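Peer 1: Supplied in structure tokens, the structure appears directly below.
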Amino acid sequence: ESDRALVARTVDDGEGHDAKTVVGVLAVVGRPNVGKSTLVNRILGRRVAVVEDTPGVTRDRVSYDAEWSGTHFKLVDTGGWETGVEGMDSAIASQAQIAVGLADAVVLVVDAQVGVTNTDSRMVSMLRQSGKPIILAVNKIDGSSEEYLTADFWKLGLGEPYGISAMHGRGIGELLDVAIKTLAQAKKMSGFLTPSNLRRIALVGRPNVGKSSLLNQLAHQERSVVDDLAGTTRDPVDEVVTLDGQDWLFIDTAGIKRRQHKLSGAEYYSSLRTQAAIERSELALVLFDASQPISDQDLKVMSQAVDAGRAMVLVFNKWDLMDDFDRQRMERLWKTEFDQVTWAQRVNLSAKSGWHTNRLARAMREALTSWDKRIPTGKLNAFLGKVQAAHPHPLRGGKQPRILFATQASTRPPRFVVFATGFLEHGYRRYLERQIREEFGFEGTPIQISVNIRE
Ligand code: GDP
Ligand code: GDP
């Protein structure tokens, strides 16, 4: 039974340094103008003026680290939709799907000044299907004389409506108390169901690179254990795939299989899903269509994975379509567009024929081993001592910053803290990174180096 050990999902550095237990993921949903952004900003304690969302502009971040009375949780902002173009129905459907896909609980925000609308009711029925707990926040109750306005919202059938004023901070503490309690309970429930010992993989890439083809190819090659777990499983959107004798949890496969509608706004949601899948993953399998030019959207997906600090394997798909000329073009691209991620392994394959797909598991295992790896402090310092002696920091204004000491503060991804007598230039930090990689490996994982100045 131990290989099905069930533990709560945590943001963990592997050895307990600064480990923050995240109680769960909370999504804020609701129709436009009810005050979702205002509420998200309020919870995050940001003093940002609510700016009007520019249609079509993709918000860079979707998920935020939030905290309430010492409890950490992830807050997901599903705002920023385009009703005009996409239509209200498909917009609320997308929001509800996202909530289902990645949240442990949902806060549905409604507008007290407007009352219950048809859209609110439709949203409730869609959210209900997800089976996720829903907390109803009735916003714009700016004073106690308006508290009576919440009464009408009982008819949504979600239990007690919590009157709040996102703008003035009224009732937010009570709402968050309930939210944290709900998250903790939801976690306990799903904790029994999630095979969380499996390594979590996000299969990402722009539309049409071959994600769903690859997933099908991988799931069919070896018997998938999905059926064995049916009825007792994890998130309905995740799938267990056996590769090379090992089970892997592929995140949000429903989003991969679903044909993306070609409407405006679809790009926003696919980027949101990508971000959400990456957040839940340990390793990102980033797919490219090697037969096509590499686009900005391709590179954006890749940087989402790198910025999130995930282990990464790059997959160049559709290799069956490549002739000699194409292969040369790809090699040139590798040296230019990918020069910041040469640490990542690259697998050329064909999802269609299955050619080289047997190379994935090994690359994934190696990347995760690097992601988990810790270099003992003694070894690290002995090595950096030699590096510094061979190649000291250049003199700047008559001074020469020296490295005093370094330690690997955490893993997943590996983070190093270097204590130095002065500012280390970007070039020198890059040099240190290259040396560390050369000596200790770390293939397949980003590493971070921060410098701490000691006078
Ligand atoms: P979103 O589209 O759901 O993200 O809504 P916003 O957060 O952008 O808010 C929509 C409008 O409602 C803005 O003009 C806000 O200033 C206003 N608003 C938000 N919260 C409150 C509140 O608690 N009370 C009042 N009176 N107005 C609010
Ligand atoms: P997704 O949008 O990333 O899930 O991409 P799909 O898996 O739907 O693939 C998009 C198109 O590329 C489909 O027409 C696939 O048949 C095709 N395709 C996917 N992988 C390969 C491959 O390895 N070789 C070739 N020739 N076509 C592929």
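The values are calculated or read from the model by the stated rules, or taken from the named source; none is laboratory data. Small disclaimer: the values here were computed from a predicted structure and weren't measured. Don't worry about glycine lacking a Cβ; one is built from the backbone with ideal geometry, like all the others, and counts go over all protein chains shown.
Peer 1: What's the total number of residues in the stretch 107-143 that are in a helix (DSSP H, G or I), crowded, with 18+ Cβ neighbours inside 10 Å and either charged (D, E, K, R) or in contact with a Phe, Trp or Tyr (Cβ under 8 Å, 6 or more places away or on another chain) (or both)?
Peer 2: Residues that pass the stated criteria total 1.
Peer 1: So, one more: Quick test of your reading of the structure: Lys373 fulfils all but one of (1) in contact (Cβ under 8 Å) with a residue 40 or more places away in the chain; (2) closer than 27 Å to Val25 by Cβ. Name the failing condition by number.
Peer 2: Here Lys373 meets the rest and fails (2).
Peer 1: Can you tell me which residue in the stretch 156-176 is nearest to ligand 1 (Cβ to nearest atom), limited to those that are in a strand (DSSP E or B) and over 30 Å from the mean Cα position of the chain (by Cα)?
Peer 2: By that ranking, first place goes to Arg170.
Peer 1: Looking at (1) within 24 Å of the chain's Cα centre (by Cα); (2) within 16 Å of ligand 1 (Cβ to nearest atom); (3) β-branched (Val, Ile, Thr), which is the one condition that is false for Ile141?
Peer 2: All conditions pass for Ile141, except number (1).
Peer 1: Hey, any hits in the stretch 149-166 for a residue that's modelled with pLDDT of 90 or more, small (Gly, Ala, Ser), in contact with a Lys or Arg (Cβ under 6 Å, 6 or more places away or on another chain) and closer than 23 Å to Ala66 by Cβ?
Peer 2: yes
Peer 1: Report every pair of residues separated by at least 6 positions or lying on different chains whose Cβ atoms are under 8 Å apart, first residue within the stretch 147-173 and within 17 Å of Val107 (Cα to Cα), second hydroxyl-bearing (Ser, Thr, Tyr) and outside any helix (DSSP H, G or I).
Peer 2: Thr150/Tyr162; Gly171/Tyr162; Gly171/Ser165
Peer 1: So, of the residues in the stretch 101-138 that are within 16 Å of Val40 (Cβ to Cβ) and away from ligand 1 (no atom under 13 Å from the Cβ), which turns out to be nearest to the chain's Cα centre (by Cα)?
Peer 2: From the stretch 101-138, those within 16 Å of Val40 (Cβ to Cβ) are 102-103, 105-111, 135, 137; that's our starting set.
Narrowing further to those that are away from ligand 1 (no atom under 13 Å from the Cβ): 102-103, 105-106, 135.
Working: Leu102: 10, Ala103: 12, Ala105: 17, Val106: 18, Ile135: 23 Å.
Of everything passing the filter in the stretch 101-138, Leu102 is nearest to the chain's Cα centre (by Cα).
Peer 1: Away from ligand 1 (no atom under 16 Å from the Cβ), farther than 30 Å from Val418 by Cα and out of contact with any Asp or Glu (no Cβ under 9 Å at 6 or more places or on another chain): which single residue out of Val347, Val306 fits that description?
Peer 2: Just one listed residue meets the conditions, Val347.
Peer 1: (1) more than 33 Å from the chain's Cα centre (by Cα); (2) surrounded by fewer than 18 Cβ atoms within 10 Å (Cβ to Cβ); (3) at negative phi: which one isn't true of Ile403, the others all being true?
Peer 2: For Ile403, the failing item is (2).
Peer 1: If I ask for residues that are surrounded by fewer than 17 Cβ atoms within 10 Å (Cβ to Cβ) and more than 30 Å from the chain's Cα centre (by Cα), which ones from the stretch 421-436 would you list?
Peer 2: Within the stretch 421-436, Thr421, Gly422, Phe423, Glu425 meet the criteria.
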